[in-house]
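The values are calculated or read from the model by the stated rules, or taken from the named source; none is laboratory data. From a predicted model like this one, the values you see are computed outputs, not experimental measurements. All Cβ positions, even for glycine, are placed from backbone atoms using ideal geometry, and neighbour counts span all protein chains on display.
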């Protein structure tokens, strides 16, 4: 720490812990939480986890990939808590026509169990 | 998209003090001590008057000349160390109640409840006694003592070292047992590849050359209950006839201290009405008699006894404590140990950053054993039917122990929640609280101001040493770690 100098053993432990946390924050993704926002070109997003993409204005209209793409990601990784086809038991072929999500996402269709 | 997190800050729970022109804080939630730079002082000063939003705080700091990046770093550092807290900060959990099978570290064996003195203020026999010894054994038998040793070794988990303190009554009235216990316990511990150390408390009247030799060769720590030079010792530490005990113990103490060099020999002084001349008591015991350490504590009483120290007495005592504290610091600045235990003990805890869930180890890592084999939270509850916590033959009564520890937890003491001195005090002695308020879980409110002032004094000593002789503090920490 820069401003607090530890004087006893407990303070030294806190000092080490804070330094570790600060070091970890150097690589942290702060992006849109930052008060003065970084420049983000239209059409780009700074966060890439499905369900969380927003464009520079905080909406989804300017994204270069459609938000619907999320559904496909959920199908594979079960990340997003929405209902998607059960690709283990009932709909193993649901994504067979979608080899590249960015290009083929339109091939993902609704299914009727 | 969720809104960005906005923090509103207030000052954390800190006690500020200064020493040698340096500002410090004692961080109450942790027991940590930090030296501050001016920037931290600026932040705390701003937050003293009002809570501030993150952006406002940063703006105010940049207005006082800090760069935006420096201001952000400063605020982050203080938030992570919990010197300032945000409304978004999840509160640190209070110290938890220890597990029910918390391993024992020490036992206090009350080898007898009999005493050859009749000190008028005695908590065991005096007006405020809580002991109910009628019909119980007066001397501990070897079977009970062996069962106690076995209990300690069995219930101490994987601790490599455990400790037994011999206590009374007058401990040396059952010296034959003490000798047998040392042999038995050492054998048992050695067989398990563990070490066991011993100490005793005595009034010194029954010391003989033979006993002194035994204590020295067995490296048994000795604490002597003594109230000072003759006129003070003989005021209340008397035989049943009323005769003072000073003339009997004085030559014995000199012999003890001359022969016994393997452990510190400590004097434990009880301050009571008329026995408040702390400095001259200290001079006599430390410099004339030669004790290595001298510690003082006010007499425990219900608040109504004639021997009570009283407010006036406490003021005198505190003044003289300060005088000895100044001397302690002078010694420490020169790298020397002074011998005033009341400072040494507190500094020892401050150096570590102790943050107590309970005032002491009673009922936790330490238990008392009465002559009957009854277990109690500590020696002060020996033979008290109201505080039995099991028996050496049947083990620790976990229900009674749990109730005692739940009550005695600092988090259960309402008044302590707003006090910055609670990491060290935690409400004070369970026994004192029971005698004074009839409840071991009551905070010892009659000492609050006194404890805060004393803790502040010791913090300033620590601060001064941190500035002028930090090596001493490091050595002190090592010494404490070893003892």
Every residue in segment B:24-46 that is in contact with a helix residue (DSSP H, G or I) (Cβ under 8 Å, 6 or more places away or on another chain), farther than 15 Å from residue B:419 by Cα and either more than 11 Å from every other protein chain (Cβ to nearest Cβ) or in a loop (DSSP other than H, G, I, E, B) (or both), please. B:46
Quick check on segment B:56-68. Is at least one of its residues in contact with a strand residue (DSSP E or B) (Cβ under 8 Å, 6 or more places away or on another chain) and crowded, with 16+ Cβ neighbours inside 10 Å? yes
Among the candidates B:200, B:256, B:207, which residue alone is touching a helix residue (DSSP H, G or I) at 6+ places or on another chain (Cβ under 8 Å), surrounded by 16 or more Cβ atoms within 10 Å (Cβ to Cβ) and assigned to a helix (DSSP H, G or I)? B:256
Could you check segment B:326-379 and list, in sequence order, the residues that are more than 14 Å from chain A (Cβ to nearest Cβ), touching a helix residue (DSSP H, G or I) at 6+ places or on another chain (Cβ under 7 Å) and under 18 Å from residue B:470 (Cα atoms)? B:328, B:329, B:332, B:333, B:335, B:337, B:338, B:343
Test residue B:249 against the criterion of being over 24 Å from residue B:428 (Cβ atoms), in the same structural domain as residue B:119 (by TED's automatic domain parsing), surrounded by 21 or more Cβ atoms within 10 Å (Cβ to Cβ) and touching a strand residue (DSSP E or B) at 6+ places or on another chain (Cβ under 9 Å), and give yes or no. yes
If a residue counts only when it is more than 14 Å from chain A (Cβ to nearest Cβ), over 22 Å from residue B:129 (Cα atoms) and out of contact with any helix residue (DSSP H, G or I) (no Cβ under 7 Å at 6 or more places or on another chain), which helices (runs of 4 or more DSSP H) contained entirely in segment B:381-472 have at least 1 such residues? B:398-408, B:448-468
Exactly one condition in (1) within 22 Å of residue A:10 (Cβ to Cβ); (2) over 14 Å from the mean Cα position of the chain (by Cα) is false for residue B:347; which is it? (2)
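Condition check ((1) free of Cβ contacts under 8 Å to residues at least 60 places away in the same chain; (2) under 18 Å from residue B:144 (Cα atoms); (3) not assigned by TED's automatic domain parsing to the domain that holds residue B:139) across all residues:
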{"position": "B:335", "(1), (2), (3)": "no, no, no"}
{"position": "B:355", "(1), (2), (3)": "no, no, no"}
{"position": "B:358", "(1), (2), (3)": "no, no, no"}
{"position": "B:362", "(1), (2), (3)": "no, no, no"}
{"position": "B:372", "(1), (2), (3)": "no, yes, no"}
{"position": "B:376", "(1), (2), (3)": "yes, yes, no"}
{"position": "B:382", "(1), (2), (3)": "no, yes, no"}
{"position": "B:388", "(1), (2), (3)": "yes, yes, no"}
{"position": "B:391", "(1), (2), (3)": "yes, yes, no"}
Contact list please: Cβ distance under 8 Å, first residue in segment B:468-481 and more than 13 Å from residue B:347 (Cα to Cα) and not assigned by TED's automatic domain parsing to the domain that holds residue B:264, second residue modelled with pLDDT of 85 or more and not in a helix (DSSP H, G or I), pairs at least six apart or on different chains. B:468/B:20; B:469/B:335; B:471/B:335
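Pick from B:19, B:35: which is farther than 23 Å from residue A:23 by Cα and within 32 Å of the chain's Cα centre (by Cα)?
Working: B:35 fails: farther than 23 Å from residue A:23 by Cα.
Step by step, each of B:19, B:35 is checked, and only B:19 is farther than 23 Å from residue A:23 by Cα and within 32 Å of the chain's Cα centre (by Cα).
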The lone condition residue B:354 fails out of (1) surrounded by fewer than 16 Cβ atoms within 10 Å (Cβ to Cβ); (2) part of a loop (DSSP other than H, G, I, E, B) is (1)
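Do you know which residues across segment B:47-69 are in contact (Cβ under 8 Å) with a residue 24 or more places away in the chain and either assigned to a strand (DSSP E or B) or over 30 Å from residue B:357 (Cα atoms) (or both)?
As a first pass, look at segment B:47-69 and keep what is in contact (Cβ under 8 Å) with a residue 24 or more places away in the chain: B:47-48, B:51-55, B:57, B:66.
Of everything in segment B:47-69, those that are in contact (Cβ under 8 Å) with a residue 24 or more places away in the chain and either assigned to a strand (DSSP E or B) or over 30 Å from residue B:357 (Cα atoms) (or both) turn out to be B:52, B:53, B:54, B:55, B:57, B:66.
Do we have residue B:133 as in a loop (DSSP other than H, G, I, E, B) and either assigned by TED's automatic domain parsing to the domain that holds residue B:270 or on the phi < 0 side of the Ramachandran plot (or both) here?
Taking the combined requirement at face value, the residue satisfies it.
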Before we move on, is residue B:323 surrounded by fewer than 18 Cβ atoms within 10 Å (Cβ to Cβ), within 14 Å of chain A (Cβ to nearest Cβ) and either over 29 Å from residue B:409 (Cβ atoms) or in contact with a helix residue (DSSP H, G or I) (Cβ under 7 Å, 6 or more places away or on another chain) (or both)? no
